[in-house]
1. ³J(HN,Hα) across the stretch 8-22 via Karplus (A = 6.51, B = -1.76, C = 1.60, θ = phi - 60°), whole Hz, x for Gly/Pro?
2. When only C-alpha pairs under 8 Å and at least 6 residues apart count, what is the relative contact order of the chain, in percent?
3. Could you tell me how many degrees, from 0 to 90 and to the nearest 10, lie between the Cα long axis of helix 33-62 and the main elongation axis, the longest principal axis, of the Cα atoms of the chain?
4. Work out how far the C-alpha atoms of the chain reach from end to end along every principal axis, then list the three figures in whole Å, largest first.
5. Sort TYR7, TYR19 by accessible area with a 1.4 Å probe, largest first.
Amino acid sequence: MREKFVYAALFLVFCGAIYLVTMGMNLINQPSDLRVAGGVGLIVVVLLLLPDALRWIWHHKTTPHN
């Protein structure tokens, strides 16, 4: 049961990251400079935080916590 939960959490985090990157690309296509900067910032934040989130979830799969 726990292993299925971990894989589901990894899948949901990955899908959420894809959604946020898509939203960032949508912001980049807007005519405002502020929205372009916000879109680039969103994509950078997702790319920086995604590996840490996946590593944290995987750590809780491999390390037993009582």
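1. The phi angles translate into 5, 5, 4, 5, 5, 5, 5, 5, x, 5, 4, 4, 5, 5, 4 Hz.
2. In percent, rounded to a whole number, it is 37.
3. With both axes taken from Cα atoms, the answer is about 10 degrees.
4. 51, 17, 13
5. Accessible-area ranking of TYR7, TYR19, largest first: TYR19, TYR7.
The values are calculated or read from the model by the stated rules, or taken from the named source; none is laboratory data. Just so you know, these numbers come straight off a predicted model, no measurement behind them. In case anyone asks, the SASA skips ligands and DNA or RNA and just uses the protein heavy atoms, side chains included. Shrake-Rupley method; radii C 1.70, N 1.55, O 1.52, S 1.80 Å.
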